[in-house]
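Engineer: One structure, as structure tokens, below. Some questions next.
The values are calculated or read from the model by the stated rules, or taken from the named source; none is laboratory data. Bear in mind that the values here come from a model prediction, so they are computed numbers and not experimental data. Cβ placement follows ideal geometry from the backbone for every residue including glycine, while neighbour counts extend to all protein chains displayed. Side chains are part of the model used for accessible areas, which takes the heavy atoms of the whole protein and leaves out ligands, DNA and RNA. Shrake-Rupley method; radii C 1.70, N 1.55, O 1.52, S 1.80 Å.
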Amino acid sequence: QGYYTRRGGIGESGDFITSPEISQVFGELIGIWCISEWMATGKPKAFQLVELGPGRGTLTDDILRVFSQLASLLSKCDISIHLVEVSPKLSEMQALMLTGGRVQPDPQDESAYMKGITKTGVPIFWHRDIQDVPPGYSFYLAHEFFDALPIHKFQRTGKGWREVLVDIDPEVPDQLRFVLSPSSTPATENFIQPEETRDHVEVCPEAGVIIQRLACRLEKDGGAALVADYGHDGTKTDTFRGFRNHKLHDVLKDPGTADLTADVDFSYLRKMTQGKAATLGPIKQREFLKNMGIDLRLQVLLQNSHDPATREQLLQSYDMLMNPKKMGDCFNFFALLPHHRLAQTDRKHKPESKSPLPPVAGFGELSL
Ligand code: SAH
């Protein structure tokens, strides 16, 4: 029914709220992460910032502010922004937030359906698919993107794996229900790993395809990908759920009116790189943000603000992002990098190396 293409309610007045919407510090630290990787790889002459599923555009907006603040460092670097978004409604919101409306829609253009210039003067493009983003050294960001993609569900039975399907309840009109496929299906044959030990699994093949594409791009053109989402490393089973107006919502009720989501299986994403890229994580959000220096950033913002309401808001949003009982533990960070980026950090045992690369920020201490 196209929840994202029609409703897509992100934010306080919508169906769910995300970290970039909670605090500006979140996006700022991700901006620093990109710059730190750019510096660690020898400050290439150009980079693309590619965001998958940018929602309201807040994350990219906060990152662009960091890029402008560090303009002297980036002055010789040719930067462009590429947003991969399927929702016409959300792409309009992104255009307004990021360019103030300075965009040209071009529905005839197969690769970029809209382009413009950001408020900070950077060229920006909208694409429907990651494959339409031009090749080149890029930072790929996917925040709460993979959890929004459709999954297949499977149940182990005495007769082997069966697919969980959605059916119309014959007893109640307009009511959907889950059923088990009577026999195996193409999906049970193709999407379950032979070594699987769980009895119930959720697989998101679309996420697998996107990760394969990212890994190939990183191998060929360099850069880094950062995936942040709630999820697990191949341990959880039944996580499919819906959210409407910030409350859990029956996934089978009123299709198209609620955000449907399933935890991201990072072990599956790692497998889908097929060895073409190195991976780091998943690590917990509070660990990643701490390594990125969130405490120092909070102190600076608190020192600069004298209004008690603003200070209270800063402290509350910090707590929301970092508290293990809130978003600190259930959100994870996972990175994809070209193999040579990590091979070089581990050169302790190779005396021929003169200048080992610093550790990848967030997964180790930030060192600029
Ligand atoms: N990253 C944002 C929004 C998360 S919601 C945030 O954290 O606030 C998921 C986003 O992915 C929305 O922008 C939605 O429109 C987009 N999306 C969903 N399916 C997509 C697909 N197949 N291709 C591209 N974008 C998609």
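Engineer: Under 8 Å between Cβ atoms, which residue pairs at least 6 apart in sequence (or on different chains) link something in segment 250-270 that is in the same structural domain as Phe16 (by the TED database) and at positive phi with a partner that is modelled with pLDDT under 95 and among the small types (Gly, Ala, Ser)?
Structural biologist: Gly256/Gly2
Engineer: Does Gly14 meet the test of being more than 7 Å from the ligand (Cβ to nearest atom) and either open to solvent by 30 Å² or more (accessible area, probe 1.4 Å) or at pLDDT below 95 (or both)?
Structural biologist: yes
Engineer: Out of Ala278, Ala215, Ala224, Ala262, which single residue is of a type outside the set (S, T, N, Q), in contact with a Ser or Thr (Cβ under 6 Å, 6 or more places away or on another chain) and within 21 Å of Thr41 (Cβ to Cβ)?
Structural biologist: Ala215
Engineer: Restricting to strands (runs of 3 or more DSSP E) lying wholly in segment 93-142: which have 3 or more residues that are open to solvent by 10 Å² or more (accessible area, probe 1.4 Å)?
Structural biologist: Of the strands (runs of 3 or more DSSP E) lying wholly inside segment 93-142, those with at least 3 residues that are open to solvent by 10 Å² or more (accessible area, probe 1.4 Å) span 103-105, 114-117.
Engineer: Consider Glu144 carefully, then state whether it is of a type in the set (Asp, Glu) and within 12 Å of the ligand (Cβ to nearest atom).
Structural biologist: yes
Engineer: Let me ask something else. I'd like to verify a number: residues in segment 35-61 that are among the charged types (D, E, K, R), open to solvent by less than 10 Å² (accessible area, probe 1.4 Å) and under 15 Å from Thr118 (Cα atoms), how many?
Structural biologist: The total comes to 1.
Engineer: Select from segment 21-32 the residues that are in contact with a strand residue (DSSP E or B) (Cβ under 7 Å, 6 or more places away or on another chain) and open to solvent by 10 Å² or more (accessible area, probe 1.4 Å) and list them in ascending order.
Structural biologist: Glu21
Engineer: Quick one: how many residues across segment 42-82 are at negative phi and either touching a helix residue (DSSP H, G or I) at 6+ places or on another chain (Cβ under 8 Å) or within 16 Å of the ligand (Cβ to nearest atom) (or both)?
Structural biologist: Residues flagged as at negative phi and either touching a helix residue (DSSP H, G or I) at 6+ places or on another chain (Cβ under 8 Å) or within 16 Å of the ligand (Cβ to nearest atom) (or both) within segment 42-82 amount to 25.
Engineer: Right, next: Of all residues in segment 147-163 being within 16 Å of the ligand (Cβ to nearest atom) and out of contact with any helix residue (DSSP H, G or I) (no Cβ under 8 Å at 6 or more places or on another chain), which is least open to solvent (accessible area, probe 1.4 Å)?
Structural biologist: Filtering first and then ranking leaves Asp147.
Engineer: Which number in (1) part of a loop (DSSP other than H, G, I, E, B); (2) in contact with a Pro (Cβ under 8 Å, 6 or more places away or on another chain) marks the one condition that Gly234 misses?
Structural biologist: Answer for Gly234: the failing condition is (2).
Engineer: Give the residue, chosen from Thr239, Thr188, that is touching an Asp or Glu at 6+ places or on another chain (Cβ under 6 Å) and in a helix (DSSP H, G or I).
Structural biologist: Just a single option satisfies the conditions, and that option is Thr188.
Residue-wise test of (1) assigned to a helix (DSSP H, G or I); (2) in contact (Cβ under 8 Å) with a residue 40 or more places away in the chain.
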| position | (1), (2) |
| --- | --- |
| Lys276 | no, yes |
| Phe288 | yes, yes |
| Val300 | yes, no |
| Ala309 | yes, no |
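Engineer: Determine which member of the set Val86, Val66 is surrounded by fewer than 21 Cβ atoms within 10 Å (Cβ to Cβ) and part of a helix (DSSP H, G or I).
Structural biologist: Val66
Engineer: Restricting to segment 239-259, and then to whatever is within 16 Å of the ligand (Cβ to nearest atom) and under 23 Å from Phe333 (Cβ atoms), can you tell me which residue is surrounded by the most Cβ atoms within 10 Å (Cβ to Cβ)?
Structural biologist: Asp259
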